[in-house]
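The next block holds one structure in the form of structure tokens; read it before the comments.
Bear in mind that the values in this text are calculations on the coordinates, not laboratory data. Predicted, not measured: the structure shown is a model, and the values here were computed from it.
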Amino acid sequence: MSAPNSVPEFGKPLRDPDYYLTIDRIVNSLRPFSTLRAVATHLNSLGLRTPSGLIWHRMHAANYIRQRGLITNTSAALTN
């Protein structure tokens with residue numbers, strides 16, 4: 001078992017699975033009716049940081065959504 005502040009191995013997730021589930025739930029609940037900036041602001045207000053420990057910005061939220069393959073109602077509506 002690794003220490004909480006240890007550096008992950010190359011190619012491994014930076015956080016534990018619960019972190020990603022929490023962020024996924026928040027993003028999926030907000031994204032259909034919120035801007036990326038609003039999602040980032042909400043995550044920051046909850047004291048959550050990006051997987052690498054930075055504060056959230058609009059582009060961090062966009063990259064997270066793309067990398068995690070999250071499909072929201074907004075993105076699905078754009079493809080239809």
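Calculate the all-directions average of the projected area of segment 17-73's alpha-carbon convex hull, and give it in nm².
It is 3.5 nm².
Could you give me the ³J(HN,Hα) list for segment 33-42, computed from phi with Karplus coefficients 6.51, -1.76, 1.60 and θ = phi - 60°, whole Hz, x at Gly and Pro?
Once rounded to whole Hz, the list reads 10, 10, 6, 4, 5, 5, 4, 4, 4, 5.
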